[in-house]
Amino acid sequence: MSSQVKSKLSFFVNPFERIAGWQALLIGLAVMSLTAIVGKINRVAFDGVLDVHAGAIFSYVASFVMQAVNLIALFLTMWLAGVLFSKSKLRAIDVVGTMALARFPYLLLALVCFLPVIPTDLYDIPRIIIFTFISLPFIIWMVVLMYKAFSVSCNMKGGMAIAIFAGALLVAEIISKIVIFVLAGILFINSPGISTSDEESKEEIVQIDSLSNFQKTENIVKAFENGDFKAIPVYFDETMKKALPTTGLMVAWEQLNLTFGKFEKADIVNFTETTTDGYNIIEVPFTFQKSAKKLRLVFNGEGKVSGLFFQ
């Protein structure tokens, strides 16, 4: 292999000997912006420093915020690791610039997803397997680039540098996942496009309060059938809204489908209704592929849902 070919190949593994500082940061930010845009178009969420999930639904704002959270978490942990363990004087711009540029493989992964490789749902096993195998080389390539960025910007090499980098990367991953999880309710649900005015909100509250508990149950069941989880908490009391927000409902529903098989139907006709200690309890049969469950809604004296269970 000629030295010219080796030089070109080494550039894809370690471009940071040639590109660093502000130049790396500007290129890296452009790369991450394109990744956010293409990821939104192809429904690929980069919801963590290392994470990538296909088939997600989110806004452009959410896509850009995820990229920002990932870069900030990565920069802070790598810069702090360098400050603590490197014997050289660090430049923050070198660390953040090289880390931003190191995310280039995820742009290529997002572009690859223009091909029919995105799973249609949780049970599209063939595409899930294909997407996983396609993603792995890009993830590995990005981790290699991030290590090279850390090594160059913090002037650290050898086994100790690898161990420190691995620890910092793990911390960055955890931080990014926590922050994105905390922001999920805002980023993925309360987008500007679905906000309502005060008058509309008041009118909606009046309409909901005028419904019977059975009518509210019908609406909640339809929301589960249609996957419209943001339409469910409007029937909750304040305690339930805090305990089980929209994102919590989505996670619980996904767990039910993973555990008991794909949801098939709800049998609202065969509901049961009881009253206990002032609470109105309505149960509706739900059928999943592997098991039959009942949605249990507990209404308080004000007609608000104070309990929601599948049993």
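The values are calculated or read from the model by the stated rules, or taken from the named source; none is laboratory data. On a predicted model such as this, the values are computed, not experimentally measured, just so you know. Cβ placement follows ideal geometry from the backbone for every residue including glycine, while neighbour counts extend to all protein chains displayed.
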| said: Against the definition (surrounded by 16 or more Cβ atoms within 10 Å (Cβ to Cβ) and at pLDDT below 90), how does residue 208 come out, yes or no? | reply: no
| query | Name the pairs: first residue in the range 47-74 and acidic (Asp, Glu), second residue outside any helix (DSSP H, G or I), Cβ to Cβ under 8 Å, at least 6 apart or on different chains? | reply | 47/53; 47/56; 51/45
| query | Any idea which of (1) within 21 Å of residue 43 (Cβ to Cβ); (2) under 20 Å from the mean Cα position of the chain (by Cα) is the one residue 100 doesn't satisfy? | reply | (1)
| said: Anything in the range 86-106 that is modelled with pLDDT under 95, over 16 Å from residue 16 (Cα atoms) and out of contact with any Cys (no Cβ under 6 Å at 6 or more places or on another chain)? List them, or say none. | reply: 87, 88, 89
| field | residue 261 being modelled with pLDDT under 90, closer than 27 Å to residue 58 by Cα and in contact with a Ser or Thr (Cβ under 9 Å, 6 or more places away or on another chain) | value | yes
| Which one of these is part of a helix (DSSP H, G or I) and surrounded by fewer than 12 Cβ atoms within 10 Å (Cβ to Cβ): 142, 160? | 160
| field | Residue list for the range 128-170, filter: among the basic types (Lys, Arg) and touching a residue at least 24 places away in the same chain (Cβ under 8 Å) | value | 148
